[in-house]
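The values are calculated or read from the model by the stated rules, or taken from the named source; none is laboratory data. Note that the coordinates shown come from a computational prediction; the quantities given were computed from them, not determined experimentally. No Cβ is skipped: glycine too gets one built from the backbone with ideal geometry, and neighbour counts run over all protein chains shown.
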Amino acid sequence: MTTATFFTKWPAARGFAFVAVLLPFVVLSPLALLSGYGLDVITEIMIFAIVAVSLNLILGYGGMVSFGHAAFFGLGAYATVLISTRYDVSPWLGLAGGVATATVAAVVIGAFCVRLGGVGFFMMSLAFAQLLNSGAIKWRPLTGGSDGVGGLLRPDLFGFDLADADVMYLFTAACLAGALLFMRMVIASPFGHVLVGTRESSLRMQAIGYQTRHIRLAAFALSGAIAGLSGGVYAFYNGFVSPDALSFGTSGMILLMVILGGKGSLLGPVLGAGLFLSVKNVVSTHTSHWLLIVGCIFVACVMVCPEGILGFAKKLSRSGERR
Amino acid sequence: MLRLENVSKAFGSLVVSNAVTLDVTPGQRHTIIGPNGAGKTTLINQIGGQLSPDRGKIFLHGREITRLSAPLRAQAGLARTFQKNTLFQALSVFENVRLGAQAAHGRTYDMFRSWRNDTRVLGLAEQAIEQMNLGRIAAQPVGKLSYGDLRQVEVAVALATSPTVLLLDEPTSGLSPSETARMIDVLHALPREISILMIEHDMEVVFSIADHITVLYYGEVIASGAPRAVADDPRVQEVYLGAPQ
C-alpha cells in the first residue's frame with residue numbers, strides 16, 4: 001500500500017497526520033509573531049473557544065439550546081477569584097474550586113432544565129443565568145456588586161510564571177487542546193452516541209430503554225464543568241471578574257460562537273470564537289457599533305450556511321469530491 | 001408473559017380503552033384487529049408506557065408494570081415499534097440498530113472508550129440487521145430511506161434490544177405486496193422465545209401469522225380466541241361487514 005492509498009483509505013489517519021505536522025506551527029507561531037496585545041487577544045479567543053466547545057456538547061450533540069451558559073463560565077470565574085483571594089490559598093486550588101462550583105451548579109440547574117425540551121429549556125437556562133447575574137450584582141459583600149472582584153495574581157506552573165504572557169498563552173492552549181481531546185473521546189464513546197440519540201428522538205430512546213433525562217443531565221453537568229474550567233482560566237487571565245461574566249450578553253456571545261462556527265462539529269466552536277472575537281477586536285477600534293457588524297455576519301451566515309462556517313466548508317468539499 | 005387486567009383509559013368523555021383484559025402467552029403470535037378508531041394504538045401506547053391507563057393493571061413476566069416508565073419497561077424485556085417515524089433521522093441504519101443493542105447490553109455512561117470497542121453490542125446489531133435483511137442499506141442514513149425500508153428498520157431496532165415481548169404497531173401498513181410478503185417471512189422466522197403482540201389491518205397478514213386474535217371495537221374487546229373461531233363470531237362479522245339484513 002502506498003502512502004497515498006493509505007490516506008485515501010483512512011481519512012482519519014490523514015487528518016491525524018495533518019494535525020501532527022501543523023499543530024506545532026499553529027501553536028508556536030503566535031509566540032514568534034505576536035507579542036503583548038496580539039498574544040492576549042489569541043489567549044482570550046482560546047479561553048472562549050473552551051466555553052464554546054462545552055456548549056457545543058449539549059447544543060450540537062445533545063440538541064439542548066442553552067441561553068444561559070454564561071452561568072457556568074461566570075461561576076467558575078467568580079469561585080476561582082473568591083477562593084484564591086478570600087482564603088489566601090493557591091490559585092490552582094481556586095481553579096479546582098471554580099470547576100467544582102460550576103459542576104455542582106450545572107447538576108442543580110440541569111435537573112430543572114433537562115425536564116423541558118425546546119423553548120422551555122431555553123427559557124429555563126436563561127432564567128437561572130439571570131438569577132445568578134442579579135445575585136452577583138446584589139450580594140455586594142461577597143461579590144463586590146457591579147464593580148466585581150479582583151486581586152487574583154497568576155500563579156506559577158512548574159516554575160514558569162503565568163504572569164508572563166507567553167506562558168499564559170501556552171497554558172491556555174494546553175487547556176483548549178485538553179478540552180478538544182476530551183470532547184473527541186466523548187463524542188466517539190457509547191455515551192456520545194446515546195446523547196445524539198436523545199437529540200434525534202427522545203421518544204424512541206425511551207422506548208428502547210434509555211432514561212433520557214439522566215443522559216441529558218450527565219451531558220449538561222459535563223458541559224458545565226468544562227465551562228467552569230474556561231471561567232477559571234479567564235479569571236487567571238483577567239485577575240478580575242464582574243457580573244458581566246454571568247450576563248445575558250456573555251451567554252448570547254457563547255451561543256453565537258457555536259452557531260457561527262458550526263454546531264455538532266468538533267472544531268466549529270473554536271472557529272466561531274476566533275471569528276467573533278477577531279471581528280470584535282478589529283471593528284471595535286474603528287466604531288463602537290461593532291455588534292452591528294457581528295449581527296450582519298450572523299444574519300448572512302444563517303441565510304447562506306445554517307450549519308455554520310465549518311458545516312458549510314464540509315459541504316463544499318464534499319460536493320467538490322463528487323465532481 | 002404479558003397480561004392486561006381491566007385496562008381503561010379515557011380522553012375527556014371519549015373512552016379509548018374500556019376494561020381491556022388480554023393475555024399474551026409465551027411464544028404466542030397475538031394479533032389485535034379492529035376498525036379505525038377502535039383504540040388499538042392507544043392500547044399499545046399504554047403497554048409500552050408512552051401513555052398511562054386510568055384504571056386497571058398491566059403485568060410483564062408476572063411483575064406489575066402499570067406505573068413503570070417506558071425505559072424501565074424496555075429494560076424489563078418489552079420492545080415496540082411505532083407507526084409514525086420516530087427513528088434517529090441523522091444516523092445510519094446500523095447506528096439506529098446499534099443504539100438498540102447498546103440499550104440492552106452496553107454501557108450507556110461510558111465516555112472513555114470508542115463505541116467500536118464494544119464487540120458484543122456490534123455483534124448483536126449485526127445479527128438484527130441480518131435477521132431483517134437490511135445489510136444492503138446498513139450504511140445509509142435513515143432520513144433517506146423509503147417508507148418500506150423504514151418499517152423493516154423499526155423491527156430491527158426493536159429486535160436489537162433482545163426483547164421477550166415484541167409489540168408491533170401495524171408493521172405492514174403502507175408496504176407494497178412484495179414488501180409485505182418479505183415482512184411476513186421475517187416475522188415467521190423470529191424465534192418462539194419472543195412473544196409477539198401485533199396490531200394489523202391486512203387480513204392476509206393476520207391469518208398467516210396470528211395464532212390468537214383479539215378484536216377491539218370502540219375500546220372494548222368483543223372477541224378473543226383462535227383465528228377460525230374469531231372469524232366465525234357473529235359479533236365480529238357484524239362489526240366488519242355491517243348488520244345482517
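Tell me, yes or no, whether the range A:96-117 has at least one residue that is assigned to a helix (DSSP H, G or I), surrounded by fewer than 16 Cβ atoms within 10 Å (Cβ to Cβ) and polar (S, T, N, Q).
Looking for residues that are assigned to a helix (DSSP H, G or I), surrounded by fewer than 16 Cβ atoms within 10 Å (Cβ to Cβ) and polar (S, T, N, Q), one finds none in the range A:96-117, hence no.
For (1) on the phi > 0 side of the Ramachandran plot; (2) in contact with a Phe, Trp or Tyr (Cβ under 8 Å, 6 or more places away or on another chain); (3) among the polar types (S, T, N, Q), each residue gets a yes or a no:
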| site | (1), (2), (3) |
| --- | --- |
| A:Phe112 | no, yes, no |
| A:Gly118 | yes, no, no |
| A:Gln130 | no, yes, yes |
| A:Gly135 | no, no, no |
| A:Gly144 | yes, no, no |
| A:Gly148 | yes, yes, no |
| A:Pro155 | no, yes, no |
| A:Met168 | no, yes, no |
| A:Ala188 | no, yes, no |
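Exactly one of (1) of a type in the set (A, V, I, L, M); (2) surrounded by 20 or more Cβ atoms within 10 Å (Cβ to Cβ); (3) outside the structural domain of B:Thr25 (by TED's automatic domain parsing) is unmet by B:Leu167. Its number?
(3)
Does A:Ala207 satisfy the criteria of being hydrophobic (A, V, I, L, M, F, W, C), surrounded by 24 or more Cβ atoms within 10 Å (Cβ to Cβ) and within 8 Å of chain B (Cβ to nearest Cβ)?
On the way: hydrophobic (A, V, I, L, M, F, W, C): yes; surrounded by 24 or more Cβ atoms within 10 Å (Cβ to Cβ): yes; within 8 Å of chain B (Cβ to nearest Cβ): yes.
It is true that A:Ala207 is hydrophobic (A, V, I, L, M, F, W, C), surrounded by 24 or more Cβ atoms within 10 Å (Cβ to Cβ) and within 8 Å of chain B (Cβ to nearest Cβ).
Pairs please, first residue from the range B:82-101 and acidic (Asp, Glu), second anywhere and surrounded by 23 or more Cβ atoms within 10 Å (Cβ to Cβ), Cβ atoms under 8 Å, 6+ apart in sequence or on different chains.
B:Glu95/B:Phe88
Can you name the strands (runs of 3 or more DSSP E) wholly within the range B:140-231 that have at least 2 residues being within 24 Å of B:Asn85 (Cα to Cα) and at pLDDT 90 or above? Please lay out each step first, then the result.
Values: elements: B:165-169, B:195-199, B:212-217, B:220-225.
Of the strands (runs of 3 or more DSSP E) lying wholly inside the range B:140-231, those with at least 2 residues that are within 24 Å of B:Asn85 (Cα to Cα) and at pLDDT 90 or above span B:165-169, B:195-199.
I need a count of the residues in the range A:205-264 that are under 21 Å from A:Val114 (Cβ atoms), over 16 Å from the mean Cα position of the chain (by Cα) and not in a loop (DSSP other than H, G, I, E, B).
10
So which residues in the range B:134-143 are surrounded by fewer than 19 Cβ atoms within 10 Å (Cβ to Cβ) and within 14 Å of chain A (Cβ to nearest Cβ), if there are any at all?
Those that are surrounded by fewer than 19 Cβ atoms within 10 Å (Cβ to Cβ) and within 14 Å of chain A (Cβ to nearest Cβ): B:Pro141, B:Gly143.
Yes or no, residue by residue, for (1) over 24 Å from the mean Cα position of the chain (by Cα); (2) assigned to a strand (DSSP E or B); (3) closer than 20 Å to A:Asp88 by Cα; (4) without any contact (Cβ under 8 Å) to a residue 24 or more places away in the chain:
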residue: A:Leu132; (1), (2), (3), (4): no, no, no, no
residue: A:Ala136; (1), (2), (3), (4): no, no, no, no
residue: A:Leu152; (1), (2), (3), (4): no, no, yes, no
residue: A:Ala163; (1), (2), (3), (4): no, no, yes, yes
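B:Ile58 versus (1) in contact (Cβ under 8 Å) with a residue 24 or more places away in the chain; (2) among the hydrophobic types (A, V, I, L, M, F, W, C); (3) over 27 Å from B:Tyr217 (Cβ atoms): which is the lone unmet condition?
Checking B:Ile58 against (1) in contact (Cβ under 8 Å) with a residue 24 or more places away in the chain; (2) among the hydrophobic types (A, V, I, L, M, F, W, C); (3) over 27 Å from B:Tyr217 (Cβ atoms), the one that fails is (3).
Tell me which residues, restricted to the range A:241-265, are over 21 Å from A:Trp290 (Cβ atoms) and modelled with pLDDT of 90 or more.
Selection gives A:Val241, A:Pro243, A:Leu246.
Consider A:Thr212 carefully, then state whether it is within 9 Å of chain B (Cβ to nearest Cβ) and touching a helix residue (DSSP H, G or I) at 6+ places or on another chain (Cβ under 8 Å).
Details: within 9 Å of chain B (Cβ to nearest Cβ): yes; touching a helix residue (DSSP H, G or I) at 6+ places or on another chain (Cβ under 8 Å): yes.
Criteria met by A:Thr212.
Within the range B:223-242, how many residues turn out to be exposed (fewer than 11 other Cβ atoms within 10 Å of the Cβ) and within 21 Å of the chain's Cα centre (by Cα)? Break it down into steps so the answer makes sense when it comes.
First, pick out the residues of the range B:223-242 that are exposed (fewer than 11 other Cβ atoms within 10 Å of the Cβ): B:228, B:234, B:241-242.
Okay, now just the ones that are also within 21 Å of the chain's Cα centre (by Cα), so none.
The total comes to 0.
Filter the range B:16-50 down to the residues that are among the aliphatic types (A, V, I, L, M) and closer than 18 Å to B:Thr66 by Cβ and list them by number.
B:Val16, B:Ala19, B:Val20, B:Leu22, B:Val24, B:Leu43, B:Ile44, B:Ile47
Please determine, by comparing only the residues of the range B:119-173 that are out of contact with any strand residue (DSSP E or B) (no Cβ under 8 Å at 6 or more places or on another chain) and among the charged types (D, E, K, R), which one is farthest from B:Met183 (Cα to Cα).
Result: B:Arg120.
Considering only helices (runs of 4 or more DSSP H) fully contained in the range B:38-117, which possess at least 1 residues that are in the same structural domain as B:Ala223 (by TED's automatic domain parsing) and of a type in the set (D, E, K, R)? Outline the logic, then answer.
On the way: elements: B:40-48, B:70-75, B:93-105.
Once the helices (runs of 4 or more DSSP H) in the range B:38-117 are filtered for at least 1 residues that are in the same structural domain as B:Ala223 (by TED's automatic domain parsing) and of a type in the set (D, E, K, R), what remains is B:40-48, B:70-75.
Does A:Leu181 count as surrounded by 19 or more Cβ atoms within 10 Å (Cβ to Cβ) and among the aliphatic types (A, V, I, L, M)? If you could, list the steps in order and put the result at the bottom.
Numbers: surrounded by 19 or more Cβ atoms within 10 Å (Cβ to Cβ): no; among the aliphatic types (A, V, I, L, M): yes.
No, not satisfied.
So, in the range A:110-121, how many residues would count as being free of Cβ contacts under 8 Å to residues at least 60 places away in the same chain and in contact with a helix residue (DSSP H, G or I) (Cβ under 9 Å, 6 or more places away or on another chain)?
Residues meeting the conditions: 4.
Just a yes or no: is a residue in the range A:267-288 over 24 Å from A:Val107 (Cα atoms), within 14 Å of another protein chain (Cβ to nearest Cβ) and crowded, with 23+ Cβ neighbours inside 10 Å? Before you say what the answer is, go through the steps one by one.
At the first step, the residues of the range A:267-288 found to be over 24 Å from A:Val107 (Cα atoms) are A:267-268, A:270-288.
From what's left, within 14 Å of another protein chain (Cβ to nearest Cβ): none.
Scanning the range A:267-288 turns up no residue that is over 24 Å from A:Val107 (Cα atoms), within 14 Å of another protein chain (Cβ to nearest Cβ) and crowded, with 23+ Cβ neighbours inside 10 Å.
If I ask for residues that are surrounded by fewer than 24 Cβ atoms within 10 Å (Cβ to Cβ), among the hydroxyl-bearing types (Ser, Thr, Tyr) and farther than 13 Å from A:Thr212 by Cβ, which ones from the range B:64-82 would you list?
Passing the criteria: only B:Thr66.
Can you name the residue in the range B:58-100 that is closer than 16 Å to B:Val121 by Cβ and more than 9 Å from every other protein chain (Cβ to nearest Cβ) and, of all such residues, is nearest to the chain's Cα centre (by Cα)?
If we take residues in the range B:58-100 being closer than 16 Å to B:Val121 by Cβ and more than 9 Å from every other protein chain (Cβ to nearest Cβ), then B:Val97 is nearest to the chain's Cα centre (by Cα).
For the structure I just gave you, tell me whether A:Arg199 is among the charged types (D, E, K, R) and under 16 Å from B:Thr108 (Cβ atoms).
Details: among the charged types (D, E, K, R): yes; under 16 Å from B:Thr108 (Cβ atoms): yes.
Yes, satisfied.
Please find, within the range A:179-195, the residue that is nearest to B:Asp110 (Cα to Cα) out of those that are of a type in the set (A, V, I, L, M), within 7 Å of chain B (Cβ to nearest Cβ) and not in a loop (DSSP other than H, G, I, E, B). Explain how you work it out, then say what you get.
Quick first cut of the range A:179-195, residues of a type in the set (A, V, I, L, M) only: A:179-181, A:183, A:185-188, A:194-195.
The next check asks that each one be within 7 Å of chain B (Cβ to nearest Cβ); those that pass are A:185-186, A:188, A:194.
Checking the rest, the ones that are also not in a loop (DSSP other than H, G, I, E, B) come to A:185-186, A:194.
On the way: A:Met185: 10, A:Val186: 8, A:Val194: 10 Å.
That would be A:Val186.
Could you tell me how many of the residues in the range B:105-133 are within 25 Å of the chain's Cα centre (by Cα), surrounded by fewer than 22 Cβ atoms within 10 Å (Cβ to Cβ) and away from chain A (no Cβ under 12 Å)?
Total meeting the criteria: 6.
Looking at the structure I just gave you, is A:Gly98 farther than 30 Å from A:Ser29 by Cα and among the small types (Gly, Ala, Ser)?
On the way: farther than 30 Å from A:Ser29 by Cα: yes; among the small types (Gly, Ala, Ser): yes.
The answer is yes for A:Gly98.
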